[in-house]
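The next block holds one structure in the form of structure tokens; read it before the comments.
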Amino acid sequence: DILLTQSPAILSVSPGERVSFSCRASQNIGTSIHWYQQRTNGSPRLLIKYASESISGIPSRFSGSGSGTDFTLTINSVESEDIANYYCQQSDSWPMFTFGSGTRLEIK
Amino acid sequence: QVQLQQSGAELAKPGASVKMSCKASGYTFTRYWMHWIKQRPGQGLEWIGYINPNTGYNEYNEKFKDRATLTADKSSSTAYMRLSSLTSEDSAVYYCAHWDGGFAYWGQGTLITVSA
């Protein structure tokens with residue numbers, strides 16, 4: 001199985017700051033990584049697909065980068081509505097998908 | 001617009017089975033594989049398996065292949081997951097989701113509580 005490691009478990013930032021989430025894969029997965037936001041009591045929402053491709057309807061402050069084993073989700077200018085858990089997910093081993101354990105974003 | 005409407009919360013006893021549903025609308029049901037994903041309270045996400053609604057073909061995560069059964073009814077655009085031999089470890093929210101370059105659409109989740 002492809003293991004995805006997300007760090008740190010919790011990020012705390014002030015509104016307006018830039019924040020980056022890390023996701024590391026246990027083997028080379030190219031750009032087969034996708035990012036999700038999950039607010040409290042909500043379903044996950046797809047933010048970025050294939051490492052850096054934007055999704056219609058997602059604010060432009062969300063962006064993704066990386067390839068191989070190291071990936072980053074960045075939020076430019078964090079807003080209070082961004083409080084959520086963020087998960088990465090790989091599709092390289094289709095269809096045996098795996099998710100990272102998530103990073104919780106807190107607003108100071 | 002694409003919608004995945006899941007069945008309501010259920011309470012089940014250990015050793016029993018549950019069957020939950022996911023009714024799709026807003027797109028051609030047979031065109032997209034339906035996936036099922038588990039989330040235990042306060043935990044991360046775990047992929048269970050998928051079904052091709054057009055052919056009925058499915059594949060499972062090894063961890064669930066002996067207890068999860070995925071089916072689909074084309075006439076009602078509804079996918080089902082049956083989970084058997086329940087234990088407390090199966091207490092979780094179960095999501096259906098459809099893949100469109102990432103899990104682009106999700107149901108609202110079905111909460112299953114396993115308790116005597």
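The values are calculated or read from the model by the stated rules, or taken from the named source; none is laboratory data. These numbers were taken from a predicted model, which means no experiment stands behind them. For neighbour counting, all protein chains shown are included, and Cβ atoms are generated from backbone atoms with ideal geometry for every residue, glycine included. Surface accessibility is based on the protein's heavy atoms, side chains included, excluding ligands, DNA and RNA. Shrake-Rupley method; radii C 1.70, N 1.55, O 1.52, S 1.80 Å.
Among the residues of the stretch A:5-28, is there at least one that is facing another protein chain (nearest Cβ under 10 Å) and either assigned to a helix (DSSP H, G or I) or loosely packed, with under 13 Cβ neighbours inside 10 Å (or both)? Reasoning before the result, please.
Filtering the stretch A:5-28 for residues facing another protein chain (nearest Cβ under 10 Å) gives A:6.
Then keep just the ones that are either assigned to a helix (DSSP H, G or I) or loosely packed, with under 13 Cβ neighbours inside 10 Å (or both); that gives none.
Looking for residues that are facing another protein chain (nearest Cβ under 10 Å) and either assigned to a helix (DSSP H, G or I) or loosely packed, with under 13 Cβ neighbours inside 10 Å (or both), one finds none in the stretch A:5-28, hence no.
Quick one: which of B:A79, B:A116 is more than 23 Å from A:D92 (Cβ to Cβ) and either in a strand (DSSP E or B) or open to solvent by less than 60 Å² (accessible area, probe 1.4 Å) (or both)? Talk me through it step by step, then tell me what you get.
Details: B:A116 fails: either in a strand (DSSP E or B) or open to solvent by less than 60 Å² (accessible area, probe 1.4 Å) (or both).
After ruling out the rest, the residue left standing is B:A79.
Can you tell me which residues in the stretch A:31-56 are assigned to a loop (DSSP other than H, G, I, E, B) and in contact with a strand residue (DSSP E or B) (Cβ under 9 Å, 6 or more places away or on another chain)?
Step one: list which residues in the stretch A:31-56 are assigned to a loop (DSSP other than H, G, I, E, B), which gives A:31-32, A:39-44, A:50-52, A:55-56.
Listed by number, the residues that qualify are A:T31, A:S32, A:R39, A:T40, A:G42, A:S43, A:P44, A:Y50, A:A51, A:S52, A:I55.
Yes/no matrix, rows are residues, columns are (1) at pLDDT below 95; (2) under 19 Å from A:G42 (Cα atoms); (3) open to solvent by less than 60 Å² (accessible area, probe 1.4 Å):
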{"residue": "B:P14", "(1), (2), (3)": "no, no, no"}
{"residue": "B:K19", "(1), (2), (3)": "no, no, no"}
{"residue": "B:K38", "(1), (2), (3)": "no, yes, yes"}
{"residue": "B:D100", "(1), (2), (3)": "yes, no, no"}
Determine which member of the set A:Q37, A:Q89 is modelled with pLDDT of 95 or more, under 17 Å from B:G102 (Cβ atoms) and touching a helix residue (DSSP H, G or I) at 6+ places or on another chain (Cβ under 8 Å).
-> A:Q37
Selection from the stretch A:74-108 of residues that are more than 14 Å from B:L45 (Cβ to Cβ), of a type in the set (A, V, I, L, M, F, W, C) and in contact with a Leu (Cβ under 7 Å, 6 or more places away or on another chain) | A:I83, A:L105
